[in-house]
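The values are calculated or read from the model by the stated rules, or taken from the named source; none is laboratory data. Small disclaimer: the values here were computed from a predicted structure and weren't measured. Quick reminder, even Gly has a Cβ in these numbers, built from the backbone with ideal geometry, and neighbours come from all protein chains shown.
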Amino acid sequence: MEQGNKQKKVPLWLVAFSILLPTSFSALATSATNVAIPHISGYFAATNDEAKWVVTSYMIANACLIMLSGWLEGLMGRKTFLKVSIVIFTLGALICVIAPSLNAMVLGRLIQGIGGGPMTPMSQTILLSAFPPEKKGVAMSLFGLAVMVFAILGPSFGGFIVDNLNWQYIYSVNIPIGLISLFLVSRFIQDTKHDKKSEKIDYIGMSALILWLLSIQIVLDKGQQYNWFDCAWISWLSGFSLVVLAFLIVWEIENKNSFIKLRLFKDRNFLIGTIISTAVTMVVFTTMFLAPQFLQNVLGYTALLSGYTLAPRVISCVIMLILITPLMKIYDSRLLIAAGFFFLGIATFMFTNVNLSVSFIYVSIPNVLLGIGVILTFIPISALALGTLPKDQLANGASLHNFCKTVGAAVVVSVSSTIVARHSQIHQTYLVDNLSNFNLVFQNKMTSFIHTFSLFTSSSFAQIKANAYVYKQLIVQARLMSYVDVFALFALLAFILIPISFMLNTNVNEKDALEHQKHHHV
């Protein structure tokens, strides 16, 4: 009953605030970075493809630490591990602020990811252990609302910072928050006993996981820059990554002391639920990553304005978080998941109808639908995926489920960026066929442009300016079409997932699973 005595001294709201403060700001730093990518790439004189390392390095480190957090917590004790994580996260933020080069910036984000990775599973565990059983639903709702609100408000926050101050302030705000969090955790979070069991630690599996994640990240992030498999070292590193992955899978299946419980995939619900949950994460994260870039690079939006287009998502998410539990009691969860996929598909498909004169309202509406789709899919999927697992494997299942989603999000950043770059070149090749003297429309347009420019300069220079203007329009239109291609591809993926949702088995203990999994969202 020590915990009860401790809880009398420390109010529950203070425990919740102490742990959710650093967790929320780690989510904020992730999504706020998306709108700052064009500014970061400009600051370091890098391309957008190179700057995306700033996003993926954080996510890969985050994914790795999600899997290692259980073992590290047992090794250090909860309070010490949490304090170490906050210190590492704050140190990473400091490196990002003072980074003299893009490589240093990526290193800072990698360190931030190492510190931020354990915060999500740790905060869930702390809330569930601090709150009494009858208030576990409240604990998970607080977790969901805090993390979701900060993650979705991240682009708006990042846009405001970038437009009014400097992109470095996105990370510098984490330094005082980290120091305050360190004080709060030291004072108000209860420690756990260190794990003195003589269990064998899976060092080989851990090393293989780190090697695989690092190698696959380098391949995905540098592939486009070095023309993929035309580059020898990319080919060799890809082969190495596949070999390490194959070894990791075999080792973790055969080893009794494995820390990645791959045998859980024998459970049909867990396998299907994890696959479709990862696919949904990829659809949602594509819109969160590409939409701000599209709005800034193609439509010329400011960072703040592009962040504002994502803000309506938070309203629909919060409303759906309140409604989802009663809806799951009334309707078949598979039906809700299918409806969620439909909303995701429609929302993503709406982005395919954009043009250079699209209104602010039109690009905001899909985000309202995406907010509805996110909650309708993630919450019931997580409940069904984990509902058939043994209770003693729920924590392992949740870690593996979340790990797959985080890796999926990191992969989709590289894949979508590559498609945009490649398809932009393809569309240029097709569009340039229209710039011909045999095309009467083109001839008329060029004559009009030359006449307009000749009012301000000589006729020969007017010709040059007209050609440059047409070429610029060609590049912009090709870029627009490449973004449309990506949105169309992921809209199709969302629609394909609709029938797959009915493969899940609903005869599971959803109430228990929901308590554990109400935090699984984007």
Would you confirm whether or not segment 226-243 contains a residue that is touching a residue at least 40 places away in the same chain (Cβ under 8 Å), among the small types (G, A, S) and under 17 Å from V411 (Cα atoms)? no
Does at least one position in segment 381-395 carry a residue that is under 19 Å from I260 (Cβ atoms) and either modelled with pLDDT of 80 or more or assigned by TED's automatic domain parsing to the domain that holds A468 (or both)? no
For residues that are under 24 Å from the mean Cα position of the chain (by Cα) and among the hydroxyl-bearing types (S, T, Y), tally how many sit in segment 345-393. 6
Step by step: first the residues of segment 91-108, then only those that are under 21 Å from L182 (Cβ atoms) and more than 20 Å from the chain's Cα centre (by Cα), then the one that is surrounded by the fewest Cβ atoms within 10 Å (Cβ to Cβ). Which residue is that? I98
Out of A146, A151, which single residue is surrounded by 22 or more Cβ atoms within 10 Å (Cβ to Cβ), at pLDDT below 80, of a type in the set (A, V, I, L, M) and at negative phi? A151
Residue hits (segment 402-420; under 17 Å from M122 (Cα atoms) and at pLDDT 80 or above) are F403, T406
Residue that is part of a helix (DSSP H, G or I), crowded, with 16+ Cβ neighbours inside 10 Å and in contact with a Cys (Cβ under 9 Å, 6 or more places away or on another chain), where the choices are F403, F453, F449: F403
Please work out if I260 is touching a helix residue (DSSP H, G or I) at 6+ places or on another chain (Cβ under 6 Å) and either touching a residue at least 40 places away in the same chain (Cβ under 8 Å) or in the same structural domain as N402 (by TED's automatic domain parsing) (or both). yes
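Conditions (1) surrounded by fewer than 24 Cβ atoms within 10 Å (Cβ to Cβ); (2) under 30 Å from V298 (Cβ atoms); (3) out of contact with any strand residue (DSSP E or B) (no Cβ under 9 Å at 6 or more places or on another chain), marked per residue:
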| site | (1), (2), (3) |
| --- | --- |
| V15 | yes, no, yes |
| S31 | no, yes, yes |
| V35 | no, yes, yes |
| T47 | yes, yes, yes |
| E50 | yes, yes, yes |
| V54 | no, yes, yes |
| M59 | no, yes, yes |
| L68 | yes, no, yes |
